[in-house]
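First up is the structure itself, then whatever we jot down about it.
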Amino acid sequence: MIFYGPSGVGKTTLASIIAKRTNMTLRKLNGTTASTADIKDIVSELSGFSGLNGILLYLDEIQYFNKKQQQTLLEFIENGSITLIASTTENPYFYVYGAILSRSTVFEFKRVEKNDVLNTIERAYNILREESEEKIELEDGVTEHIAYGCGGDVRKAVNAVELSVLSTCAKDGIKHITLETVKSLTQMSAAKYDREGDEHYDLLSAFQKSMRGSDPNAAVHYLGRLLEAGDLPSVCRRLIVCACEDVGLAYPMIIPIVKAAVDSALQVGLPEARIPLADAVILVCSAPKSNSAYMAINSAMEDIRAGKTGAIPRQLQNKHYDGADAKVKGQFYNYPHDFKNHWVEQQYLPNAIKDAIYYVPAENKNEQAFAEYWRKIKGK
């Protein structure tokens, strides 16, 4: 089995429960520190008493195991002498060796909902009350703030509970846990994330899709989460891309405006960078949308990759000497500015794709105005 999900959602706990229920010997390894020798040591236990009911190997952070290390386990997984439960915070379909993946069932763990975390927090405080010599009292909102601040990570929530008790001095035999105390313990928990992990890209994806979907409230929310985590470069990059890809020719002036906002943000730095970035994000959300240019370049590049190119028409080539074997000598380029309305009909695409159409004007005021202008001139 492969457990896939964020930290603190019960992957290790569930593996321990399975080991107890099956009477198997539980052995734990962490992919960041374990070596092939550690795996061989566990394999050597199979012939001893600890291997009578089989060994359940819990391998945490399997994404840090290289292919050779993962292959070492394969023989023992196939014959059933070792039952593997691997956990990872990254997508296993990218990081786990295919042969192991094909012999495993992937279970995805989600972040724990706030109401479920609340139950754990209340239980943790009750356990500490039973163990403590002092009485423990909670200010209103303490449990709710921890549940919110832990970001769905139960381990962080329990740690915050313990720290709140340890960091509070007893007065007259009573420890009064204040909201201010827990705020200082959980203020960054919900904002931090691994910039190389899936959550990083999920958050960036949500940010860009919210702008594309014209939802300023959602876009500003994800902007705030990214900035709280200090990820200014990714925000700037996605913002410029979205302005070009999703607004584009519907409002082409948005590109220099967003670029100016990004330049301002990079110049002033955080925390003030949030102000020009918020302006730009809301502008992108509020602007009319068009991906016609994005679709045009994608279509053109698709043809190019498929080999649909051809020779550049002679009239478009640079002026150079025609070879002696040239059947037709001369460039014959028509300079558009010499003609009425600065346009003359001539072929620009190679012969092989002369009728290709890549750009289709979108249904917005700006592009339709340009399209109508050229329809009148070209008579098409």
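Bear in mind these aren't lab numbers, they're just calculated from the coordinates by the rules spelled out. Worth saying up front: this structure is predicted, and the values here are computed from it rather than measured. Neighbour counts are summed over all protein chains in view; Cβ atoms, including those assigned to glycine, are modelled from backbone coordinates with ideal geometry.
Considering only THR88, THR105, HIS342, and ranking their Cα positions along the charge dipole of the chain that arises from unit charges at the beta-carbon of Lys, Arg, Asp and Glu, the one farthest toward the positive end is HIS342. Using alpha carbons only, how many degrees (0 to 90, rounded to 10) separate the axis of helix 67-78 from the longest principal axis of the chain? So the helix axis and the longest Cα principal axis differ by about 60 degrees.
Against the set (i) 1.60; (ii) 1.48; (iii) 1.14, the structure's computed Cα Rg over 2.2 N^0.38 Å falls on (ii). Think of it as helices only: each DSSP H run of n ≥ 4 in the chain is worth -39500 (n - 2.57), and spread over all residues that comes to -15000 deg cm²/dmol at 222 nm. The three principal axes of the Cα atoms in segment 114-186 give end-to-end lengths of 34, 23, 18 Å, sorted in falling order. Relative to the longest principal axis of the C-alpha atoms of the chain, give the angle of the C-alpha long axis of helix 114-131, reported between 0 and 90° and rounded to the nearest 10°. The two axes meet at around 30 degrees. Answer rounded, prolate or oblate for segment 2-108, using the Cα gyration tensor with square roots of eigenvalues a ≥ b ≥ c: rounded when a/c is under 1.5, else prolate when a/b is larger than b/c, else oblate. Note, shape of segment 2-108 comes out oblate. In the chain, the DSSP beta bridges split such that about 5 percent are antiparallel, to the nearest 5. Under 23 Å of direct C-alpha separation, and excluding same-chain neighbours fewer than eight residues apart, LYS340 reaches these lysines: LYS376, LYS378, LYS380. In this structure, the amide hydrogen of LYS28, modeled 1.01 Å from its nitrogen in the peptide plane, lies closer than 5 angstrom to those of TYR58, counting only residues at least 5 positions away or on a different chain. When the Cα positions of TYR251, ALA229, SER214 are compared along the charge dipole of segment 198-286, TYR251 comes out farthest toward the positive end, with charges on each C-beta of Lys, Arg, Asp and Glu. Between 0 and 90 degrees, rounded to the nearest ten: what's the tilt of helix 232-242 against the longest Cα principal axis of the chain? In the chain, helix 232-242 runs at an angle near 40 degrees to the longest axis. Averaged over residues, the count of other Cβ atoms within 10 Å places the peptides 303-311, 131-139 in the sequence 131-139, 303-311, highest first.
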